[in-house]
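Derivation of every value follows stated rules applied to the coordinates shown; laboratory data play no part. These numbers come from a predicted model, not from an experiment. Cβ placement follows ideal geometry from the backbone for every residue including glycine, while neighbour counts extend to all protein chains displayed.
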């Protein structure tokens with residue numbers, strides 16, 4: 001068991017997904033950084049900034065003999081809501097442009113999050129923030145409304161999981 005990655009051995013895994021080099025897409029990693037710097041993370045929680053590499057983590061978990069009971073994905077999406085609004089989405093609501101982040105074969109039927117939830121009894125939650133804009137070229141830094149949402153989302157996570 002000791003040789004398994006820490007994210008497989010903790011009760012709760014909270015991952016920040018996104019690319020900090022593309023504006024609001026960096027929301028997930030910003031949440032992980034904020035939680036790390038402003039809260040005491042409980043021992044039973046693994047907090048990871050996975051950037052754009054969540055698929056490898058989920059694949060490892062799916063093959064592991066030990067798994068978290070809960071996986072919380074923090075990401076930025078465009079669902080046509082007010083920029084900076086935070087809300088949950090279901091696995092079926094993952095935007096098409098994000099599906100390949102969570103899938104081995106880039107098709108919804110092989111979605112790793114669904115497999116972990118349905119076949120491995122892992123509770124999966126996806127908490128998101130509505131983007132204002134994702135630039136076409138590299139441009140780091142969150143828009144004002146998404147930057148304001150960082151503290152709100154971190155507080156919500158801490159209240160529910162810490």
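The distance from the alpha carbon centre of the stretch 1-64 to that of the stretch 111-162 is 11 Å, rounded to a whole number. Spin-label model, residue 152 to residue 81: label points 7 Å out along the Cα-to-beta-carbon direction sit 0.9 nm apart. Distances longer than 17 Å among the Cα atoms of the stretch 1-92: what percent of all pairs is that? Value for the stretch 1-92: 53 percent of Cα pairs lie more than 17 Å apart.
Extents of the chain, taken as max minus min of Cα coordinates on every principal axis and listed largest first, are 43, 38, 24 Å.
Distance between the modelled labels on residue 19 and residue 162, one decimal in nanometres: 3.0 nm (7 Å Cα→Cβ projection). Counting DSSP beta bridges with both partners in the chain, what percentage is antiparallel, nearest 5? The antiparallel proportion sits near 20 percent. With 0.36 nm allotted per residue and the present C-alpha distance subtracted, the residue 36-residue 139 stretch has 34.7 nm of extension available. Applying 1/(1 + (r/R0)^6) with R0 = 30 Å to the Cβ-Cβ distance of residue 93 and residue 63 gives a FRET efficiency near 0.70.
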